[in-house]
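Let me begin by presenting the structure, written as structure tokens, before commenting on it.
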Amino acid sequence: MQEDTPDFEDDDDFDRPSKSQLKRDMTALQKLGEDLLALPESRWEPLALPEILYDALRHAKKITNFEGKRRQMQYIGKLMRKIDPEPVREAVAAFKLGHASDSLRLHQSERWRELLLADDAALQQFIDGHVDVDIQQLRNLVRAARKDAANEPEKRSGRAYRELFQFIKASEPAADTDE
């Protein structure tokens, strides 16, 4: 009796990645190239990229046509195949993480401003958490911002309101380094 399963030779090409996997890898490299393009040019220098890739990235920044940009990104993806992508991935991740922490810090400052304007107890909490803050200046800014908000409740963009935010934002990194 003969079985329906074919005999596989040792020299068959099943040890290579599939065509679909190769395409997924190339698409991932193209996406990494797009992320690299989003970085400032000063972040490209430490990566020691080939000059041809630098030129392709600079050229892509100038292209405004959709189809032209798409084709340039495919070219960048092709060039990315010739380099080690790990340092690029790490640089992109570090850049995104930096933006996320900056954004988080701004949201935290915004929350503090809202709390300080809403409640006197929050003022003492802020002072307790930020020992090196100028208490008198903080109280004056809170008082002035509350006064602005009482005069124009629908408008939340008075001078004191903005100055309070800047004061809080400036005091936040000092609190992060003390921890």
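The values are calculated or read from the model by the stated rules, or taken from the named source; none is laboratory data. This structure is a prediction, so every number in the text was calculated from the model and none was measured. Here Cβ is always computed from backbone atoms with ideal geometry, including for glycine, and neighbour counts include all displayed protein chains.
Within the range 93-115, residues that are closer than 21 Å to Gln166 by Cβ and touching a residue at least 24 places away in the same chain (Cβ under 8 Å) reach partners that are surrounded by 13 or more Cβ atoms within 10 Å (Cβ to Cβ) and among the charged types (D, E, K, R) with beta carbons closer than 6 Å, at six or more positions or on different chains, in the pairs Arg105/Glu172; Ser109/Lys169; Ser109/Glu172.
Between Lys96, Lys69, Lys78, Lys61, the distinction of being in a helix (DSSP H, G or I) and at pLDDT below 90 belongs to Lys96 only.
Checked against the criteria, Val133 does not count as at pLDDT 85 or above and crowded, with 16+ Cβ neighbours inside 10 Å.
Being over 11 Å from Glu34 (Cβ atoms), assigned by TED's automatic domain parsing to the domain that holds Met26 and surrounded by 15 or more Cβ atoms within 10 Å (Cβ to Cβ) holds for only one residue in Ala56, Ala60, Ala91, and it is Ala56. Whether a residue is without any contact (Cβ under 8 Å) to a residue 60 or more places away in the chain and surrounded by 13 or more Cβ atoms within 10 Å (Cβ to Cβ) was assessed, and Ala121 does not pass this test. Given Leu49, Leu36, which one is touching a helix residue (DSSP H, G or I) at 6+ places or on another chain (Cβ under 9 Å), modelled with pLDDT under 90, closer than 29 Å to His99 by Cα and assigned to a loop (DSSP other than H, G, I, E, B)? None of the other options fit; the residue is Leu49.
Within the bounds of the range 153-170, is there any residue that is assigned to a loop (DSSP other than H, G, I, E, B) and either assigned by TED's automatic domain parsing to the domain that holds Trp44 or modelled with pLDDT of 85 or more (or both)? No: the range 153-170 contains no residue that is assigned to a loop (DSSP other than H, G, I, E, B) and either assigned by TED's automatic domain parsing to the domain that holds Trp44 or modelled with pLDDT of 85 or more (or both). Sort out which residues of the range 63-77 are without any contact (Cβ under 8 Å) to a residue 24 or more places away in the chain and surrounded by fewer than 18 Cβ atoms within 10 Å (Cβ to Cβ), and write them in order of number. Matches in the range 63-77: Ile63, Thr64, Asn65, Phe66, Glu67, Gly68, Lys69, Arg70, Arg71, Tyr75. All but one of (1) under 30 Å from Ala48 (Cβ atoms); (2) loosely packed, with under 10 Cβ neighbours inside 10 Å hold for Asp128; state the number of the condition that does not hold. Every condition holds for Asp128 apart from (1).
Sub-8 Å Cβ pairs linking a first residue in the range 14-27 that is more than 22 Å from Arg71 (Cβ to Cβ) to a second residue that is part of a loop (DSSP other than H, G, I, E, B) and not polar (S, T, N, Q), at least 6 apart or interchain, are Phe14/Phe8, ordered by first then second residue.
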